[in-house]
1. Just checking, does segment 34-48 include any residue being modelled with pLDDT under 95 and among the small types (G, A, S)?
2. Got a number for residues in segment 111-144 being under 12 Å from the mean Cα position of the chain (by Cα), of a type outside the set (S, T, N, Q) and surrounded by 15 or more Cβ atoms within 10 Å (Cβ to Cβ)?
3. Just a yes or no: is a residue in segment 50-69 at pLDDT below 95, of a type in the set (D, E, K, R) and surrounded by 14 or more Cβ atoms within 10 Å (Cβ to Cβ)?
4. Determine the pairs where a residue that is loosely packed, with under 15 Cβ neighbours inside 10 Å, located within segment 22-35, has a partner that is not in a strand (DSSP E or B) with Cβ atoms under 6 Å apart, the partner being 6 or more residues away or on another chain.
5. When the residues of segment 1-33 are filtered to those that are modelled with pLDDT of 85 or more and of a type in the set (D, E, K, R), which remaining residue is farthest from V62 (Cα to Cα)?
6. Hey, A94 hits all of (1) under 26 Å from G36 (Cβ atoms); (2) modelled with pLDDT of 95 or more; (3) surrounded by fewer than 20 Cβ atoms within 10 Å (Cβ to Cβ) but one; which does it fall short on?
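The values are calculated or read from the model by the stated rules, or taken from the named source; none is laboratory data. All values reported here derive from a predicted model rather than from experimental measurement. Ideal geometry is used to build each Cβ from the backbone, glycine not excepted, and the neighbour counts take in all protein chains shown.
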Amino acid sequence: MRKVFLPLLASLAVASPALANESRVEARGGVIWDGGDSEAIAGVALGYDFDLGSAAFVGAEVSADKILESNTRISFGISGRLGAKLSEAGKLYAIGGYSTKPCGACEDSVHLGAGYQHNFGQSLYGKVEYRHFFVDSGVSDPDAVVAGLGLRF
C-alpha cells in the first residue's frame, strides 16, 4: 500500500505548482432553519481547491460557524467539495462533510449541499451555498443557506 500511496502523494506535490490551484479564506452569514424555527448564523472558512483539468476542481475546507442565539457554541466542520468551472469567474459545486454539535443538547451531523462561487476581479469572490444537516438521533434535520465573501490567493 505504501509503495503506491507515497509515490502518488509525491507526484501530486510536484505537479501542484503547475496547476492554477488556489487557497481561500472567507467570512459568511445566513440563516439556519428547522421546522418553523429559524436563526441567523455567522462563520468563517478556510479552503484549498485543486484543479482537475480546465473544467473541474476538487477542494477541502475547514470551517467554524455559530448560530447567533444564546446557549449555542461554535460548530467546527470539515468538508470536501467537487465542482465544475462554468467560466473563468464561476464555479458550481457539491459539498459534503462533518460538523460538530452547535449546542450542548445538539448532536454532531453530516452535511450535504451545493453552492455557487463567483470571482470579482483577481482575488475577491462571493458565494451562495445551501447545506442540509443529517442528525442521527431522531431529531429533525436542519437546513442552512449562507452567503460568503472571501479572498483567493
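1. Let us first name the residues in segment 34-48 that are modelled with pLDDT under 95, namely 34-37.
Checking which are among the small types (G, A, S) leaves us with 35-36.
Yes; the residues of segment 34-48 include at least one that is modelled with pLDDT under 95 and among the small types (G, A, S).
2. Narrowing segment 111-144 to residues under 12 Å from the mean Cα position of the chain (by Cα): 111-117, 127-131.
If we keep only those that are of a type outside the set (S, T, N, Q) too, we end up with 111-116, 127-131.
Narrowing the set further to residues that are surrounded by 15 or more Cβ atoms within 10 Å (Cβ to Cβ) leaves 111, 113-116, 127-131.
Matching residues across segment 111-144 total 10.
3. Looking for residues that are at pLDDT below 95, of a type in the set (D, E, K, R) and surrounded by 14 or more Cβ atoms within 10 Å (Cβ to Cβ), one finds none in segment 50-69, hence no.
4. Sorted first by the residue in segment 22-35, then by its partner, the pairs are S23/F153; G35/S140.
5. Of the residues in segment 1-33, the ones modelled with pLDDT of 85 or more are 21-33.
When the remaining residues are screened for being of a type in the set (D, E, K, R), the result is 22, 24, 26, 28.
Numbers: E22: 15, R24: 11, E26: 11, R28: 13 Å.
Once the filter is applied, the top-ranked residue is E22.
6. The number of the failed condition is (1).
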